[in-house]
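Right, one structure below, let's go through it.
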Amino acid sequence: MSNASLTSKRTTDLSRRNFLKTSTLAAAGVATLGAPSILAQAKIPIRAVVIGAGGRGTGAGQNFLEAAKITGVDAKIVGVADAFQSRIDGCLNEWKKAGVEIPAANAIAGLDSYVKVLQIPGVNYAILAGPPGFRAPHFKACVEAGVHVFTEKPVAVDGPTCRMMYAAAELSEKKNLKVAAGTQRRHESNYIETIKRLHDGMIGDIVSLRVYWVNGGPIWHRGLSGETDLHKQVNNWYHYIWLSGDHICEQHVHNLDVANWVMKDHPVRCWGMGARQQLGDKPGEIWDNFAVEYEYPNGVRMFSYCGQITRKWSSVSEAVHGSKGWSNPGGSISVKGGEGYRYRGQHRSGYVQEHVNLINAIQTDTKLNEARQVTDSTLTAIMGREAAYSGGDNVEWEAVLNSKFQYGPEALYTDASKMTWGSFRTLRPPMPSRHDILRDPPVVAVA
Ligand SMILES: NC(=O)c1ccc[n+]([C@@H]2O[C@H](COP(=O)([O-])OP(=O)(O)OC[C@H]3O[C@@H](n4cnc5c(N)ncnc54)[C@H](O)[C@@H]3O)[C@@H](O)[C@H]2O)c1
């Protein structure tokens, strides 16, 4: 994509923006008029289930219990779901140390376990920490069941799962459900205070942004274990596009989310490049590094870099450049010829604060719904990934959002609770010019 094409072909996705504004207002109306006002003192008991009992699900359960103590709310974990019994056992062992006991009948394994735990009487809070590929159907089920949600990021892996998320987000707003997302920087006061100052114009007009998830080492690889293709893929989920969305989506979504927060918008097009450099012959589909140049509707560019390869320099950070200075939105601002800013306040872990905020929003019936914004940031990552995979010159937001290609098995998009362990293809790691899901028919290579 030439520089000229980046700026001259600018279009805005007005249709969706207007739709979002209208439905946000509609949802606000429902929140004000439709729901009874709940007094802060009338503490609502929270009964939570955790869906996806791996590292993060186990940790998020503990963060939730810590948040319950901070808020003084009667909050318990009453159920846990995972695809594999062994993961549930590991999680329960950890929680036992914190005095959490779950009745055996409420610790449920299987691909349909997410539906079953939501049926436990009294459940009103779900913590979603399975692989990203399952997030949209899991979130949709929670919203249909009418429970408040803490959802880990990212929340989708392709156009169809993004559309499922936007639809469920809209329904969650109509139902006045509270939703917090695992893009935890939005709950960290160092980011909040700094970005507030950027929005107030402390560095003037924003000119460009740089965002990094450049790890100095490789990502885990669990090898191939299990009876069927699906067992192997779900166990080693990071390495399959339909399950993780690839590294740019799985991890870098954090930094892309910060950029979207600063810009109060999402990019509308991009080009990108990347490779599978160090994963070599390990089973899997994904790449291990990406560089993407994004364009926002006002023409501002964001330069994004992510990778999980062994290298000397690493950085997980963001930088914002303005007409009057620049900022690390994680806590500092430099102003040309003027006084800068450095965050020196208290810092509570974002992992705990996001549950404190969600519990408080439930108790006081105040608006907190991060479902759309985390879907926007996830789609930002997916758009960058598809630009890099295809080698295309001008990949547009609307085209990716409306794309029909499904990376996962059909049941994921119809009823994930009906998915059964069995066979499923593995794709060849995408090769630019030989992979393009936006073409009709899509171009992909099966391994
Ligand atoms: N916000 C953060 O900073 C942060 C940090 C770590 C992880 N995460 C996110 O948490 C998610 C999980 O990551 P993790 O490190 O815990 O991975 P993990 O592999 O340790 O845990 C994922 C768990 O989900 C289970 N699972 C798979 N398919 C399932 C299904 N259909 N239904 C229910 N459970 C299913 C797996 O068996 C596994 O136990 C990822 O999306 C990751 O990005 C976020």
Mind listing whichever residues of region 394-410 are assigned to a loop (DSSP other than H, G, I, E, B) and either in contact with a strand residue (DSSP E or B) (Cβ under 7 Å, 6 or more places away or on another chain) or modelled with pLDDT under 95 (or both)? Asn394
How many residues does region 62-82 hold that are out of contact with any Ser or Thr (no Cβ under 7 Å at 6 or more places or on another chain), within 30 Å of Ser225 (Cα to Cα) and buried (at least 23 other Cβ atoms within 10 Å of the Cβ)? 2
Breaking point among (1) more than 12 Å from the ligand (Cβ to nearest atom); (2) within 22 Å of Phe139 (Cβ to Cβ), for Val50: (1)
List every residue pair whose Cβ atoms sit under 8 Å apart, with the two residues 6 or more apart in sequence or on different chains, where the first one lies in region 373-393 and is outside any helix (DSSP H, G or I) and the second, anywhere, is surrounded by fewer than 24 Cβ atoms within 10 Å (Cβ to Cβ) and at pLDDT 95 or above. Gly391/Met273; Gly391/Pro432; Gly392/Trp271; Gly392/Asp436; Gly392/Leu438; Asp393/Trp271
Go through region 113-150 and report how many residues are crowded, with 18+ Cβ neighbours inside 10 Å and within 11 Å of the ligand (Cβ to nearest atom). 17
Restricting attention to helices (runs of 4 or more DSSP H) lying wholly within region 234-309, give those where 3 or more residues are touching a strand residue (DSSP E or B) at 6+ places or on another chain (Cβ under 7 Å) and within 16 Å of the ligand (Cβ to nearest atom). 253-263
So Ile70 clears everything in (1) under 20 Å from Ser417 (Cα atoms); (2) more than 16 Å from the ligand (Cβ to nearest atom); (3) not in a loop (DSSP other than H, G, I, E, B) except one condition, right? Which one? (1)
When you go through Gly330, Gly350, Gly322 one by one, which is the residue that is within 17 Å of His199 (Cα to Cα), touching an Asp or Glu at 6+ places or on another chain (Cβ under 8 Å), of a type outside the set (Ser, Thr, Tyr) and within 16 Å of the ligand (Cβ to nearest atom)? Gly330
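The values are calculated or read from the model by the stated rules, or taken from the named source; none is laboratory data. Because the structure is predicted, anything quoted here is derived from the model rather than measured. Note that we place each Cβ from the backbone using ideal geometry, even for glycine, and neighbour counts take in every protein chain shown.
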